[in-house]
Protein chains: 2
Amino acid sequence: MVNHLNGDNVRVAIIGGGAAGMSAGSRIKRLRPNWDVKVFERAPYVSHAPCGVPFYVSRMVERIEDLCAYDISHFKSERGIDVRTRTKIVEVGDGYLIGETDGKKMRFEWDKLLFATGARAGRLNVNCEELDGVLCVHYIENGERLKKLAEKSSSIVIIGSGYIGIELAEALTRIGKKVTVIEKESHPLPDFDEEISSIVMRRLCEKVNARFSESVVAIEGKDRVERIVTDRNEYKCDLVIMAVGSEPNVELAKQIGVEIGESGAIKTNSRMETSIENVYAAGDCAETTNIVTGKRDWIPLAVPANKMGYVAGVNISGYDMEFPGALKSQLTSFYDLEIGKTGLSEREAKREGYDVISATITTKTSARYLPNGTITLKAVADKEGKLLGVQAVGRKVAMRIYSAVSLLYKKSTVLDMFFADLPYYPPENRVWDPLVVCARQIFRKLNMP
Amino acid sequence: MVNHLNGDNVRVAIIGGGAAGMSAGSRIKRLRPNWDVKVFERAPYVSHAPCGVPFYVSRMVERIEDLCAYDISHFKSERGIDVRTRTKIVEVGDGYLIGETDGKKMRFEWDKLLFATGARAGRLNVNCEELDGVLCVHYIENGERLKKLAEKSSSIVIIGSGYIGIELAEALTRIGKKVTVIEKESHPLPDFDEEISSIVMRRLCEKVNARFSESVVAIEGKDRVERIVTDRNEYKCDLVIMAVGSEPNVELAKQIGVEIGESGAIKTNSRMETSIENVYAAGDCAETTNIVTGKRDWIPLAVPANKMGYVAGVNISGYDMEFPGALKSQLTSFYDLEIGKTGLSEREAKREGYDVISATITTKTSARYLPNGTITLKAVADKEGKLLGVQAVGRKVAMRIYSAVSLLYKKSTVLDMFFADLPYYPPENRVWDPLVVCARQIFRKLNMP
C-alpha cells in the first residue's frame, strides 16, 4: 500500500504544531528532504509541552519558552520545515486550506494532509466559564497567564483532580497559595482504583482544601470570577483552573468530511490514515488502539501523540509503518508520592466486561536493612491470568510501571509478571519485587500453586 | 507428570539454607503442611543474603544478622520447617544422608531430595590463597570477619572488579580505607561492554588505586598476607578480598551420581529435576535456561535462585510448574553511578554467534528544563531486530533495566522497544525515553524508516 504520490514536489500540510505535528513533519523531511512540508499552528510556539506548565508555575522553570522541546528556528533551519505560527486554519477543503495570520487570510494547496489538531480542555457546561480569571492549562500560552494571575491571587480553585489537577495543586501550594480542589467523584485521580487514589487523597487533604463528591453548578462574578458554587457549598476565589479532562479538536476534520470514531476523535487505521485518501490524523485528535482491550480508543497523551506523528510521517512519506496502539500509561506525582498506571484499573476492566481478579500490596521498596520507602501496587488480571493493568503509588513507582508497561505491551500473564527476571539490588528493591509479590497474590486467588 | 509420592508422610531433605533452599522449603510446607521438611545448613544462619555484605562493611547496616531475610525461628515456628544449622552434610546416598553438627554425625532418611548447595567463591590457583587475611565475601559469615579485619587494615587489595568487587571498593573507601583493585581485564565489570564499563572505570580510578590488565601471580606473607605480586607490580597489603567470580558446589551431587551439565552446574530440566528421580536442584548450584540464547546456562544470582527454589518446591510437592529461565539481569552501583544490565553484552552476543547490531546513546534523564542527570544506554540486537540485551550506567538506570528485562523476557524486537508505551513525566524521563531513542538508532542501522 505504497502511496503513488512519492515524487519530488509533494506538498504536505500539517494542521497543528504540537507533539504529533512536529514529529510527523520531522520524519517526512528526513525521509523526503525535497518535499514541501508546512506546519500551521495557532499559537506562537511549536513543539509545546503543556506537561511542563506545573514546573513553570512552581518557579522551577523560569521562562515559558523553555517548555518547548525545540524553538521554531530549529525546525525551520535544521529540519527544513516551513512552520507558520500564529496561523489559524479557518477552512479546509479538498486539496487546499485557508489560514489566517494576524487577520490576513492565505490559501495553501496540499497533496497530503495531516490533522494534528490536538485536544482542548473539557468544559463543565455551567454559566460563566468564559469569565475573566477562569482558565485551563491545556495550551501553553495559558501557562503564562495562569502564572501571572496565580502570583497575585489569594484564593484559587482547581476544578478536577486528575493528574493535571493534582500537579497544579502541588505547584500552587509550593508557591504558598491557598488552593481548593473540587472533584465530583469520591476520590482524586478518577482513572485509578480507590486502593491507590485513597493514598493520594490523604496527602491531597493535607495540602489543599480538598472537596470530593461535589459538583460545580455555577461560576459567578461581575467583571471577573468571584466565587464557585457547588451542589453543597460556595467558595470565594479570584482564580479558577479548569482541569476537567479534554476533548478532541475535530471541527476542521468534520468540515472536510473525515469520519469521526465512536470516541469522538478522528477515526484512523493503524497507519494513521483517515477515511479520506491522503488525509491522515495523529495525536490527541485521533483515535488509536487500546492495546489491552484491542478496541479503538481515544488516548490523548504525549507519548502516543509523538509516536502516532512518527508513524503518520513515515506513511505520508510513502513508506509503511503501523502504530500498534497505546496503554494509557501515566506517571505523575504529588509531593513525595510518585503515582503511575498502565492498562486498565479494576473499574475500567469491569466496565469493559472482563471477569476481573486483582491484588493490592503495600511493601517496602528497599531491602529491609536499608533506608526505606513504601509502595502500594495493584495488579488487575482476568480469570485466565491475563494481565490487564498495574497501578502504583509511593516510592520507586516509575521502575515498576516501566516493567508493567513492557509486559502489558507484550500481552503478558501474571505468570510472566512473576517470572520476568527483574534484578535485585538492596537499595532499589527486594529479592521478591512488589510486582512479583503481587503476581503471587493473584496466583493464590486463581488457585495456582 | 505428578509424582506418586504425595501421601502424608513424605520426608523432604534440602541441602542448603540459602535463597533457593528456604524458598523451596517454604513452598513445600505451604502446599504440603504435613510433610517433614528438613533444611541442612553449614552456617549458623539461613536465608542469608550476601548481597547485603557491602552495606554492613560500609556501616549502613549495624548487625550482620540484619542481612538475613528471616531468622531461623520464623522458619521453624511460622513455616514449620525443621531447620538444622551448623550442619555439614558429609555423605549423600540413595534415600539417606549423613550430617555432622558440632562433630556429631547423624543419619537422615529422605523420599525427596533438593540440592540447594549454592556456589563458592572462585579461586585464582596461586600460592597462599589460604593465608590469614585473604578472604572472599561469598558467605555471610565472612562478612563479619571482613569487617573486623577491614576496620584495622591500612591497605586493602580487592582482586576482581565485577559487581562484588566494585561494591566492596565503594564500601571500604566510604569508611576511609585505602583500596587497590586489581583486574586482569582492561576494564571493570567484565560482563559489560566498554561503552558502559569505561564510565565506571573513570569513577573507579578516582576512588581507588585501580590496576587493569594485571594478573595476580602470587599472594605472599609469613604468618599472614603481606603483599600481592602481579605480572607487573607488587602491592603491600594487610587484607586481600577475592572477588574473582564463583563456581557451583556440586561435590555432594556428584557423590550421589547426579549428572553435571556443561557449565559445571547440576543438570536440571525446567521442573528443576535432576537426572535422578526424586532428586532436584535449585539455585546457584543448578543450571537453568538462558532466555535470550535458549541454551542451558549457569546464572548464579539471587532472583533466579529464589524462583528456582519456588518452582522446585511446587514440583516436589507434586504439583507442576516450569521455571522459564533467567536473563542474567544485574543491578548495582558505584557511588553516584547506577549500573544495570540484562541479556547479552555485544561481546557475549558475538561469542554466541549472533550477527550483532548495537547502539549506544548518552542523554539527559529528565525534561530539558528540570534538574537533570545523564544516562548512557546500550542496546544490542541481531540483524533481524531481535533484542538481545540492554546495559546502562548513570542516573535512573533501574527503570530502564526493568523495562528491558520485561521486553527481553517476552522475546521482543527493537520495534517493541520503540513502541512499548512508556509514560512521560518531566522529572522522570523525556517524551522519547532513552530506550526509545536507542531503538530508533538501531532502526537506522537496519535501514528501517
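Quick note: the coordinates plus some simple rules give every number you see, no bench work behind them. Being a predicted model, the structure only gives us computed values, none of them experimental. A quick note on method: Cβ atoms are made from the backbone with ideal geometry, for glycine too, and the neighbour counts reach across all protein chains shown.
Summary table below
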quantity	calculated
Inter-centroid distance (Cα atoms) of the range B:15-38 relative to the range B:235-294, Å	20 Å
Positive-end extreme of charge dipole, chain A - chosen from A:Met399, A:Leu135, A:Gly99 (charges on Cβ)	A:Met399
Chain A, relative contact order in percent, only Cα pairs under 8 angstrom and at least six apart counted	14 percent
Relative contact order (%) - the range B:123-244, alpha-carbon pairs under 8 angstrom, separation at least six	36 percent
Gain upon complete extension [B:Asn269, B:Glu78; 0.36 nm per residue less C-alpha separation]	65.7 nm
Local net charge near A:Lys178, Cβ-Cβ under 12 Å (Lys/Arg +1, Asp/Glu -1)	+2
Karplus-derived HN-Hα couplings along the range A:151-167 (A = 6.51, B = -1.76, C = 1.60, θ = phi - 60°), whole Hz, x at Gly and Pro	4, 9, 7, 10, 8, 10, 10, 9, 9, x, 9, x, 5, 5, x, 6, 5
Amide H contacts of B:Leu114 (H built 1.01 Å from N, under 5 Å, at least 5 apart or other chain)	B:Ala13, B:Ile14, B:Ile15, B:Tyr280
For A:393-403, mean number of other protein chain Cβ atoms within 10 Å	6
Charge tally in the Cβ shell below 14 Å around B:Ala282, where Lys, Arg are +1 and Asp, Glu are -1, B:Ala282 excluded	+1
Cα coordinate range in chain B, projected on the principal axes (Å, largest first)	65, 57, 39
The range A:94-208: proportion of alpha-carbon pairs further apart than 18 angstrom, %	63 percent
For chain B, built as a Gaussian network whose Cα springs stay under 10 Å, the top-fluctuating residue of B:Gly318, B:Gly343, B:Gly389	B:Gly318
Antiparallel DSSP beta bridges within the protein assembly as shown, percent to nearest 5	65 percent
Amide N proximity, the range A:242-275 versus A:Asp94 label position 7 Å along Cα-to-Cβ, cut-off under 14 Å	A:256-258
Lys, Arg +1 and Asp, Glu -1 on Cβ, resulting dipole of the range B:257-352 about Cα centre, debye, nearest 20	180 debye
Cα centroid separation - the range A:376-429 against the range B:373-449, whole Å	17 Å
The range B:123-244 - charge dipole about Cα centre, Lys and Arg +1 at Cβ, Asp and Glu -1, debye rounded to 20	520 debye
Size of electric dipole in chain B: Cβ of Lys, Arg +1 and of Asp, Glu -1, about Cα centre, debye, nearest 20	960 debye
Cut-off under 5 Å, modelled amide H: who pairs with A:Gly245 long-range	A:Gly122
Furthest towards positive pole of dipole, A:His74, A:Gly325, A:Val39, structure part the protein assembly as shown, Cβ charges	A:His74
Length-normalised contact order for the range B:336-445 - Cα pairs under 8 Å, 6+ apart - percent	31 percent
For the range A:338-445, projected area of the alpha-carbon convex hull averaged over all directions, nm²	6.0 nm²
Stretch gain in nm, segment B:Glu220-B:Lys350, where the contour uses 0.36 nm per residue and the Cα spacing is subtracted	42.9 nm
Out-of-range pairs (alpha-carbon distance over 28 Å; input A:Lys148/A:Lys328; A:Lys378/A:Lys411; B:Lys307/B:Lys445; A:Lys88/A:Lys236; A:Lys112/A:Lys254)	A:Lys148/A:Lys328; B:Lys307/B:Lys445; A:Lys88/A:Lys236
Filtered GluC sites (Glu not before Pro), the range B:331-362: DSSP coil and at most 16 other beta carbons within 10 Å	B:Glu352
Footprinting exposure proxy for B:His48, B:His187 (fewest neighbouring C-beta atoms within 10 Å first)	B:His187, B:His48
Neighbour-limited loop hits for GluC sites (Glu not before Pro), the range B:6-115 (at most 10 other Cβ within 10 Å; DSSP other than H, G, I, E, B)	B:Glu62
Rounded Å value of the spacing that divides the Cα centres of the range A:305-351 and the range B:167-227	44 Å
Cleavage-rule hits, trypsin sites (Lys or Arg not before Pro), the range B:1-95, DSSP coil, Cβ neighbours within 10 Å at most 12	B:Arg59, B:Arg63
In sequence order, calculated HN-Hα J values of the range A:357-368 (Karplus, 6.51, -1.76, 1.60; Hz; x Gly/Pro)	10, 8, 9, 10, 10, 10, 8, 6, 9, 10, 3, 3
Selected from B:Ser186, B:Ser197, B:Ser329 as most flexible by GNM, with chain B as the system and alpha-carbon contacts under 10 Å	B:Ser186
Amide proton proximity set for A:Thr268, modelled H, under 5 Å, gap of 5+	A:Glu287
Selected from A:Tyr139, A:Tyr425, A:Tyr70 as most flexible by GNM, with chain A as the system and alpha-carbon contacts under 10 Å	A:Tyr425
For the range B:51-66, Karplus couplings with θ = phi - 60° (6.51, -1.76, 1.60), whole Hz, Gly/Pro x	4, x, 3, x, 6, 6, 5, 7, 6, 6, 10, 7, 10, 4, 4, 5
All aspartates and glutamates inside 16 Å of A:Lys178 as judged from Cα atoms, apart from same-chain residues fewer than 8 positions distant	A:Glu151, A:Glu167, A:Glu170, A:Glu206, A:Glu226, A:Glu234, A:Asp238
Fraction of antiparallel bridges per DSSP, chain A only, in percent to nearest 5	65 percent
Antiparallel DSSP beta bridges within the range B:123-244, as percent of all bridges there, nearest 5	35 percent
